[in-house]
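Let me begin by presenting the structure, written as structure tokens, before commenting on it.
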Amino acid sequence: MALSNPFAVGNVLIAMAAVGFWGYCLFDLAKSDEWEVRTFSKPVWVALLVFTNILGALMWFAVGRPRRP
């Protein structure tokens with residue numbers, strides 16, 4: 001089945017970008033040290049990222065990730 005509808009192609013691209021951003025946030029959380037993580041503990045952030053998907057990724061990016069120089 002070809003994606004001939006331009007809206008379908010746009011939706012696929014948006015979905016791919018969202019999954020990529022979510023994956024980046026999950027990887028960033030995994031490589032962050034426990035004492036660097038802000039707002040919640042690391043296990044709570046894992047649960048938020050896994051169960052709330054993009055909302056959790058946005059929250060991690062805004063208030064959870066460590067401040068890096």
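The values are calculated or read from the model by the stated rules, or taken from the named source; none is laboratory data. Because the structure is predicted, anything quoted here is derived from the model rather than measured. Cβ: placed from backbone, ideal geometry, glycine included. Neighbour counts: every protein chain shown. Note: areas computed on protein heavy atoms with side chains; ligands, DNA, RNA excluded. Shrake-Rupley method; radii C 1.70, N 1.55, O 1.52, S 1.80 Å.
Listed conditions (1) modelled with pLDDT under 95; (2) assigned to a helix (DSSP H, G or I) are all met by Asp33, apart from (2). Pairs meeting the criteria (first residue in the stretch 6-19 and in contact (Cβ under 8 Å) with a residue 24 or more places away in the chain, second residue of a type outside the set (D, E, K, R), beta carbons under 9 Å, at least 6 apart or on different chains) are Ala18/Asn53; Ala18/Ile54; Ala18/Ala57. For the stretch 18-39, the tally of residues that are of a type in the set (A, V, I, L, M, F, W, C), open to solvent by 40 Å² or more (accessible area, probe 1.4 Å) and closer than 14 Å to Leu55 by Cα stands at 4. Can you name every residue in the stretch 49-69 that is in a helix (DSSP H, G or I), open to solvent by 40 Å² or more (accessible area, probe 1.4 Å) and either touching a residue at least 40 places away in the same chain (Cβ under 8 Å) or not polar (S, T, N, Q) (or both)? Within the stretch 49-69, Val50, Phe51, Ile54, Leu55, Leu58, Met59, Phe61, Ala62, Val63 meet the criteria.
Quick check: anything in the stretch 40-47 within 11 Å of the chain's Cα centre (by Cα) and outside any loop (DSSP other than H, G, I, E, B)? Yes, some residue in the stretch 40-47 is within 11 Å of the chain's Cα centre (by Cα) and outside any loop (DSSP other than H, G, I, E, B).
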